[in-house]
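No lab work stands behind these numbers, since they all come straight from the coordinates. Predicted model, so just to flag it, every value in this text is computed and none were measured. Here the Cβ is made from the backbone with ideal geometry for all residues, glycine too, and neighbour counts use every protein chain on show.
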């Protein structure tokens, strides 16, 4: 598959995709390293002091703050910044700074400097760099909002106000005394808290087609689904602040099942491109599986066997590598520029990613079920566990190869100077 000959190297879509897919490739490479260490723990002696535990934050945070975050940043640029050479140069500088801050965080985690809190490992000077970067990004969006070069509506002002809370919220949440890594007073995540976070994901996904300025095919449908989401969120707030979160734990999470058919109904109200429809269907598939298995995991008897096992690892892969990756791809193919859509339209890499993920999910789920039947059996490394860990590694290699092909196709030799790596 060849790229268009006149691929613009600095349009919003190309720049966003190069940095996003670069971090996806880096995160997948670390993931493959972790899979190798699980399969052959003795290989860790070649890494010296850079042990398994020090690589874990890189895999998780490169996925979250790199791959999952940057398409959303590109979406903000698409909404607030004009399509001009000056704005595109500013976008490239911001993405470059973002990558440097994430690299600084990665070095600090490898050196053992971490808060110990998952996804909030930022500490020391990398934490200050991240907060400064987020504040700078917000001021850039505000400056373009004040210049008024693009047509805005009141939701844009609401979004800017909400984004203003991100740096102070992250500063507060990453403090050592807040949400300690080991908190005996915490009962862990509840079905109600997961309902709230899931509704938040739905809200972000609901904003995507409007921020991409996709033509609307059915206005009434989007309006009444918006009111339904508001009522559902109000239901979550009532449970959370009236002390009934534990009593209606599983039932509250089960209310997400109503959104399985409603999400396709909402997105069907917009005109997506042909490539976008491929990744939209991928999102629906993994979203449905995530909600269904999430409700299953919170059934008390099943939860007792599933917690602290690879079943939860499989569930997190379903969310990050399945649902959120599909959402990120959906954003990238609709940003300004045609090159990204041409790259992500390749069916071979699409199915390689999906097949690799499915292989990982099946092996992790089987591992988790075996662990639930016999405690600590995973650590004995019997032949069946070795086979399953090998299959997990094979799935990770397939996904790494797919992401690497996407990244390299967006980085021909003449534009590598603006790449992440």
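Some values worked out for this structure:
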| quantity | calculated |
| --- | --- |
| Alpha carbon convex hull of the chain, projected area averaged over orientations, nm² | 21.0 nm² |
| Of 319, 35, 153, the one that fluctuates the most in a GNM where the chain has Cα springs shorter than 10 Å | 153 |
| Length-normalised contact order of the range 56-145 in % [C-alpha pairs under 8 Å, at least 6 apart] | 39 percent |
| Exposure proxy order (Cβ contacts within 10 Å, fewest to most) of 36, 340, 204, 30 | 204, 36, 30, 340 |
| Net length gained if the chain between residue 36 and residue 230 were fully extended (0.36 nm per residue, minus Cα distance) | 65.3 nm |
| Residue 179/residue 271 FRET efficiency (R0 45 Å; Cβ-Cβ; nearest 0.05) | 0.60 |
| Three-way shape call for the range 1-150 based on the alpha-carbon gyration tensor, with the a/c threshold at 1.5 | oblate |
| Anisotropy class of the range 225-326 from Cα gyration tensor, a/c 1.5 cut | oblate |
| Alpha carbon Rg of the range 11-88, scaled by the compact-globule rule 2.2 N^0.38 Å | 1.46 |
| Globularity ratio of the range 71-149, using Cα Rg and 2.2 N^0.38 Å | 1.28 |
| Three-way shape label, the range 239-393, alpha-carbon gyration tensor, a/c 1.5 | oblate |
| Viscosity 1.002 mPa s, 20 °C: Kirkwood-radius Stokes-Einstein D of the range 78-122 over Cα pairs, µm²/s | 171 µm²/s |
| The range 257-379: relative contact order as a whole-number percent, Cα under 8 Å and 6+ apart | 32 percent |
| Burial ranking of peptide ranges 251-257, 85-91, 57-63, 17-23 (average Cβ count within 10 Å, highest at the top) | 17-23, 57-63, 251-257, 85-91 |
| The chain, relative contact order in percent, only Cα pairs under 8 angstrom and at least six apart counted | 25 percent |
| Residues residue 351 and residue 292, FRET efficiency given R0 of 30 Å [Cβ-Cβ distance, rounded to 0.05] | 0.85 |
